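Let me begin by presenting the structure, written as structure tokens, before commenting on it.
Just so you know, all these numbers are worked out from the coordinates, no wet-lab data involved. Owing to the predicted nature of the structure, the values given are computational and were not obtained by experimental measurement. Note that each Cβ is placed from the backbone with ideal geometry, even for glycine, and that neighbours are counted across all protein chains shown.
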Ligand SMILES: Cc1ncc(COP(=O)(O)O)c(C=O)c1O
């Protein structure tokens with residue numbers, strides 16, 4: 001049962017048009033990959049301004065296939081943040097490559113920087129997997145320059161960054177490839193789903209092949225009479241998306257920019273009204289139009305975070321922590337590096353509610369609860 005929050009951390013509205021699109025898909029009788037996937041992929045590629053968008057079953061699948069199709073494997077090292085969802089790190093390990101943790105850029109900048117990446121680059125570094133934390137571009141431009149100078153592949157975990165622009169370019173069009181998530185709490189939520197985007201024809205072909213068992217044709221090709229049989233040419237997976245979710249994704253893409261603009265207004269209002277109370281992370285930056293996936297604050301030294309979150313909970317305000325740092329999880333901590341900025345941020349950050357249709361009274365309730373608890 002869902003808890004009865006006055007202000008949930010995130011919320012999704014599925015409107016009547018969405019429902020009709022999904023019902024029409026079920027009525028069509030074709031449920032797995034088919035015309036709606038093609039439409040969603042084409043719409044997403046056009047929206048980003050890239051040559052290829054390949055829909056898959058989750059953001060994690062998108063990360064895994066992007067890493068594999070980039071040629072990562074045993075013996076390779078990949079620079080990753082620890083301040084991310086653990087799937088970023090796991091995806092590197094699935095390929096046999098070794099994730100190498102780098103620290104975040106600063107106390108209120110929870111993303112990698114060129115100097116923190118540079119500090120861990122070695123002879124075996126093949127790629128940097130940059131996470132646009134919160135839907136902000138952060139130091140991506142400088143990290144991209146560094147990757148280019150060093151001849152290292154730049155990949156992006158853009159799970160938070162659907163719709164983010166940097167100097168007018170969609171973030172997911174920067175670097176060799178990007179992976180998106182359409183999980184239920186994301187800006188473009190369809191339940192479960194993901195997308196790999198790239199301008200690299202070879203990488204795209206490899207992702208398409210690996211998405212469906214390494215088979216050279218799809219059921220949809222055979223259904224349309226475009227193919228009679230198939231060969232299996234690689235050790236692939238079943239990472240396909242289904243048609244109802246693609247139909248929902250296509251609809252939601254139409255209103256993504258409008259919803260991200262609503263998030264931007266709420267983000268600015270939080271900043272303005274909390275300015276004298278608490279430190280807000282991820283300050284606005286020139287040339288960046290963020291997707292505003294989440295809004296995070298950083299509590300002052302000595303403030304009890306558990307008590308703070310309980311005080312907000314008592315006001316019906318749901319909070320979260322993005323993230324427990326990946327290098328501290330048992331599975332990744334054998335050789336835990338020193339990441340002082342990551343550790344400090346992880347210990348003091350709190351994520352406040354943010355979603356496109358959050359009402360001003362709901363936001364005021366959050367602001368009042370934060371202000372009262374800091375008094
Ligand atoms: C930064 C980041 N990377 C990867 C993922 C994994 O995406 P998914 O849940 O769609 O597998 C998520 C979200 O869950 C995420 O926030």
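Observations, loosely collected:
- Order of 130, 239 under a 10 Å beta carbon neighbour criterion, fewest first: 239, 130
- Gap separating the Cα centres of segment 88-137 and segment 163-221, nearest whole Å: 20
- Global form of segment 135-245, assessed from the alpha-carbon gyration tensor, a/c cut-off 1.5: oblate
- Mean separation of Cα contacts under 8 Å, 6 or more apart, over the residue count of segment 213-280: relative contact order %: 24
- Where both bridge residues fall in the chain, DSSP classifies roughly 60% of the beta bridges as antiparallel.
- Binning all Cα-Cα separations of segment 1-136 at 5 Å, short to long from zero, yields these whole-percent fractions: 2, 8, 13, 14, 15, 14, 13, 10, 7, 3, 1, 0.
- Beta bridges per DSSP with both ends in segment 120-199, % antiparallel, nearest 5: 45
- For segment 5-130, the antiparallel share of DSSP beta bridges with both residues in that region comes to about 20%.
- Packing rank of 240-248, 326-334, where each peptide gets the mean count of other beta carbons within 10 Å, highest leading: 240-248, 326-334
- Estimated FRET transfer efficiency when R0 is 30 angstrom, pair residue 360-residue 3 (beta carbons, to 0.05): 0.85
- Taking only alpha carbon atoms, segment 172-296 gives an Rg to Rh ratio of 1.11, where Rh is the Kirkwood radius.
- Sorting 304-316, 169-181, 44-56, 352-364 by average packing, meaning the other beta carbons within 10 Å per residue, from highest down gives 169-181, 44-56, 352-364, 304-316.
- Taking all pairs of distinct alpha-carbon atoms in segment 16-253, Kirkwood radius in angstrom: 18.1
- For a paramagnetic label modelled on residue 300 (point 7 Å from Cα along Cα→Cβ), amide N atoms under 11 Å away belong, within segment 267-290, to 277-279.
- The calculated FRET efficiency for the pair residue 32 and residue 90, based on their C-beta separation and a Förster distance of 30 Å, comes to about 0.70.
- Residue 375-residue 277 pseudo-label distance in nm [points 7 Å out on the Cα-to-Cβ vector]: 1.1
- Global geometry of segment 256-374, whether rounded, prolate or oblate, following the gyration tensor of its Cα atoms and the 1.5 cut on a/c: oblate
- Sorted by Cβ density within 10 Å, fewest first, the residues 203, 209: 209, 203
- All-pairs Cα distance distribution in segment 22-74, expressed in whole percent, bin size 10 Å: 21, 40, 29, 8, 1
- For the chain, the longest principal axis of the Cα atoms and the long axis of helix 140-150 meet at an angle of about 60 degrees.
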